[in-house]
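As structure tokens, the structure follows; a few thoughts come after it.
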Amino acid sequence: GEDVEQSLFLSVREGDSSVINCTYTDSSSTYLYWYKQEPGAGLQLLTYIFSNMDMKQDQRLTVLLNKKDKHLSLRIADTQTGDSAIYFCAGIGTASKLTFGTGTRLQVTL
Amino acid sequence: GAVVSQHPSRVICKSGTSVKIECRSLDFQATTMFWYRQFPKQSLMLMATSNEGSKATYEQGVEKDKFLINHASLTLSTLTVTSAHPEDSSFYICSATSGLAGGETQYFGPGTRLLVL
């Protein structure tokens, strides 16, 4: 099966940019996703990128995809305290099943 | 658009009882719904894939007689934890695919926290 790895923790100061990284082993995913999970809540879809794209920008969010290195990143510009959460990357596989990364806890400090 | 709800949001039950969790797509028809389980500080583990009008497909290691899934309509799937035990305590999350932008994009419910005493 696919392995999707993320760093466990990231701390940034309010107003700075955050970059959350994700590496994966299966390159057949047609879409790659970023989800946000706040404490005790479900997952909120933040953005997704089609596998034939290198970059996608959506307001404060920028997704970069390096297919050669099997590396996906999410950049959050002007990080706010409300961005504190756990962020999961995920790839879509057979039968539309998602494989999630291990999750990165983003802490935003004042 | 693409809102998924779950009910209840939190449930406490005694060991040996059964608990039903509902997952609804509120503003779209979901041909496929997924049920996940999440332990504290861990990622989501897929339990089963539910297609409307057919039997659910369970992941390896998930007991189908323990976790009964019914997908009776295009907007409702239910997960019943039968004869619940303390080790079944967890956060259960459902998702649904909408066929909207991103084709296979899954939209998640808010989750149900189950505590079995």
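The values are calculated or read from the model by the stated rules, or taken from the named source; none is laboratory data. This one's a predicted model, so the numbers in the text were calculated from it and none came from an experiment. Reconstructed Cβ throughout: ideal geometry from the backbone, glycine too, with neighbour counts over all protein chains shown. Ligands, DNA and RNA are stripped out before the accessible areas are found, and what is left, the full protein with its side chains, is counted by its heavy atoms. Shrake-Rupley method; radii C 1.70, N 1.55, O 1.52, S 1.80 Å.
Quick notes on this structure:
- For region A:41-54, the set of residues classified as open to solvent by 70 Å² or more (accessible area, probe 1.4 Å) and either of a type in the set (D, E, K, R) or within 13 Å of the chain's Cα centre (by Cα) (or both) consists of A:Gln44, A:Asp54, listed by residue number.
- When the criteria are applied in full, B:Glu22 fails the requirement of being open to solvent by 70 Å² or more (accessible area, probe 1.4 Å), more than 11 Å from chain A (Cβ to nearest Cβ) and of a type in the set (Asp, Glu).
- Restricting attention to region A:53-110, the residues being among the charged types (D, E, K, R) and away from chain B (no Cβ under 14 Å) number 9.
- Count - residues of region A:70-98 that are open to solvent by 60 Å² or more (accessible area, probe 1.4 Å) and either in contact (Cβ under 8 Å) with a residue 40 or more places away in the chain or in contact with a Gly (Cβ under 7 Å, 6 or more places away or on another chain) (or both): 5
- Any hit, region A:99-107, residues being free of Cβ contacts under 8 Å to residues at least 60 places away in the same chain, open to solvent by less than 70 Å² (accessible area, probe 1.4 Å) and under 13 Å from the mean Cα position of the chain (by Cα): no
- Of all the numbered requirements in (1) in contact (Cβ under 8 Å) with a residue 40 or more places away in the chain; (2) within 12 Å of another protein chain (Cβ to nearest Cβ); (3) surrounded by fewer than 19 Cβ atoms within 10 Å (Cβ to Cβ), B:Val11 misses one, and that requirement is (2).
- Condition check for B:Val81: surrounded by 16 or more Cβ atoms within 10 Å (Cβ to Cβ) and within 16 Å of B:Thr112 (Cα to Cα): yes
- Qualifying residue in region B:46-61 (condition: at pLDDT below 90 and within 11 Å of chain A (Cβ to nearest Cβ)): yes
- Residue check, B:Gln106 in contact with a strand residue (DSSP E or B) (Cβ under 6 Å, 6 or more places away or on another chain) and of a type outside the set (A, V, I, L, M): yes
One line per residue, one yes/no per condition, for (1) under 16 Å from B:Phe108 (Cα atoms); (2) out of contact with any Ser or Thr (no Cβ under 7 Å at 6 or more places or on another chain):
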{"residue": "A:Thr47", "(1), (2)": "yes, yes"}
{"residue": "A:Met53", "(1), (2)": "no, yes"}
{"residue": "A:Lys56", "(1), (2)": "no, no"}
{"residue": "A:Leu61", "(1), (2)": "no, no"}
{"residue": "A:Leu64", "(1), (2)": "no, no"}
{"residue": "A:Gln80", "(1), (2)": "no, yes"}
{"residue": "A:Tyr87", "(1), (2)": "yes, no"}
{"residue": "A:Ile92", "(1), (2)": "yes, no"}
{"residue": "A:Thr102", "(1), (2)": "no, no"}
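- Residue satisfying all of: in region B:41-71; out of contact with any strand residue (DSSP E or B) (no Cβ under 6 Å at 6 or more places or on another chain) and closer than 22 Å to A:Trp34 by Cβ; surrounded by the fewest Cβ atoms within 10 Å (Cβ to Cβ) among these: B:Lys41
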